[in-house]
1. Assign unit charges at the C-beta atoms only (+1 for Lys and Arg, -1 for Asp and Glu), then state the dipole size of the stretch 150-202 relative to its Cα centre in Debye, rounded to the nearest 20.
2. If a paramagnetic tag sat 7 Å from the Cα of Asn258 along the Cα-Cβ line, which residues of the stretch 162-177 would have the backbone N under 17 Å from that point?
3. Using Cα centres only, tell me the gap between the stretch 299-347 and the stretch 368-391 in whole Å.
4. Testing the spin-label approximation: label points 7 Å from Cα along Cα→Cβ at Ala119 and Lys321. State their distance in nm.
5. Taking the alpha-carbon centroid of each part, what is the distance from the stretch 186-227 to the stretch 62-93 in angstrom?
6. Considering only protein heavy atoms, with the full assembly of protein chains and a 1.4 angstrom probe, order Ile376, Ile284 by accessible area, largest first.
7. Taking Cα pairs under 8 Å and at least six residues apart, what relative contact order does the stretch 134-214 come out at, in percent?
8. If each residue of separation counts as 0.36 nm, what is the full-extension length gain between Gln89 and Met214 once their alpha-carbon separation is subtracted?
Amino acid sequence: MKRALEYHKNHPDIYALLNQAILLPITADTQDTALTIFSTLNDRGLPLSDADIFKAKIYNQLEPEDKKAFIERWKDLDEQATDANESIQQLFYYNMFYYRALEQDTKTTTPGVRKYYAANKFERLYKPELIDTLFVILNLWKVVNKGEEIEDEAWTKNMKIKQTLDTLSSYPNEFWKYPVVIYYVCYRNEENFEARFALFLNKLLMELMTKYLMIPTINAVKPDILKLNSAIVASDVPTFEFKNIDLAQLEPYIQNPNRNAVRMLLKTLAYEQQDELLPAKWEIEHIFPQKWQTNYFPDESDATIKEKIEHIGNKIPFEKKLNIVAGNGYFGKKKKEYTASKIAITKAMGTSDVADWNMDSIMKRDIRVSDEIIKILNRWNNEYLNIQVEESEAEEPSEEDLARIEEFKKKGWI
């Protein structure tokens with residue numbers, strides 16, 4: 001007792017709290033009463049989260065016999081979302097873009113989640129399929145965030161799809177997520193989903209990467225993404241209404257990229273040469289070190305060297321542990337650690353016959369890398385365009401089309 005009193009004297013803030021705070025237990029006879037009390041208390045104190053409000057709203061609209069099952073499903077959803085590094089709040093946000101696509105809403109102003117679901121007396125919140133859709137959306141993020149395989153969904157074992165999703169996850173903002181969610185929710189049960197999904201993801205990555213390389217701003221693709229969202233619900237081979245860019249123009253933007261695009265570029269290169277995902281912990285390795293001896297390049301200015309060091313030709317993905325061992329050593333000393341890497345392009349750098357690495361080496365690799373990236377982007381684009389053409393040719397001609405054909409035949413044009 002004496003020791004407790006001494007502790008309180010030495011910590012007056014705790015002493016004051018214990019002597020001034022009142023603990024008031026409240027026992028509720030039913031779940032309904034508990035939620036009512038919970039809502040009332042929070043209305044007068046800290047605000048509830050959107051998810052808390054949605055839970056209470058949905059619960060109060062249910063028939064008595066359905067309420068227990070709802071609470072159990074909500075708890076399950078919450079636990080699974082947390083395990084997948086997501087939250088129910090975020091799932092509602094993803095679902096909002098899905099609903100907006102169904103409604104053909106392409107406004108660039110994004111409403112708050114609570115305001116969106118509260119519209120028309122919360123009618124969107126009371127859709128009977130809502131919770132099922134949230135579970136579906138969650139399955140996608142189990143694959144993206146945790147690498148899980150979903151039963152009866154073969155695409156979750158497709159390593160190339162996983163690699164593309166991993167590369168998209170390095171995109172500098174979240175706009176890529178919304179069309180991916182919508183595509184998955186709409187077409188996951190289609191027979192040709194796996195093949196179409198792979199093509200769609202590559203095309204999406206190609207469009208986003210090229211735009212960000214040239215215009216590295218957060219909102220550069222927002223209007224195009226919202227249009228794409230709406231196009232997805234109409235077709236599993238939707239039209240991308242992004243501004244056309246001549247890929248040949250990308251060369252300087254790839255060679256000296258915005259720093260936020262480097263991980264996307266390195267993943268794109270790495271996944272061309274391996275069938276495994278990159279390790280969870282990898283870093284951007286500067287082949288020529290960021291710290292160098294001033295007499296190493298007597299004919300180059302520090303500004304020139306600093307600029308060249310940040311070029312893509314001087315960067316490779318590297319496991320964190322090996323990178324720590326390699327440190328800021330020069331190429332000849334680091335080749336041993338490169339050879340130990342499980343990342344194909346990094347291992348190849350270690351086993352190459354290159355003895356030294358200098359500014360000329362960086363410039364030569366700049367060209368090789370930019371050529372490779374442009375080749376990949378062109379391939380992804382052409383593969384998607386080909387499937388669009390096949391889809392178009394497979395469509396039955398309309399009565400109007402048939403009438404035109406007959407007219408052309410009469411005129412001898414066919």
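1. Values: 6 positive and 8 negative charges, 44 e Å.
Magnitude of the dipole: close to 220 debye.
2. Backbone N within reach: 168-177.
3. Taking the Cα centre of each part, the stretch 299-347 and the stretch 368-391 sit 29 Å apart.
4. Result for the modelled spin labels: 5.2 nm.
5. 29
6. Working: Ile376 0, Ile284 55 Å².
I get Ile284, Ile376, largest accessible area first.
7. Details: 44 pairs, mean separation 26.0, N = 81.
It comes to 32 percent, rounded to a whole number.
8. Details: separation 125, 0.36 × 125 = 45.00 nm, distance 3.31 nm.
Using 0.36 nm per residue and subtracting the Cα-Cα distance, I get 41.7 nm.
The values are calculated or read from the model by the stated rules, or taken from the named source; none is laboratory data. If you're wondering where the values come from, they're calculated on a predicted model, not measured in any experiment. Note: ideal-geometry Cβ built from the backbone for every residue, glycine included; neighbour counts use all protein chains shown. Heads up: the accessible areas ignore ligands, DNA and RNA and are worked out on the full protein's heavy atoms, side chains in. Shrake-Rupley method; radii C 1.70, N 1.55, O 1.52, S 1.80 Å.
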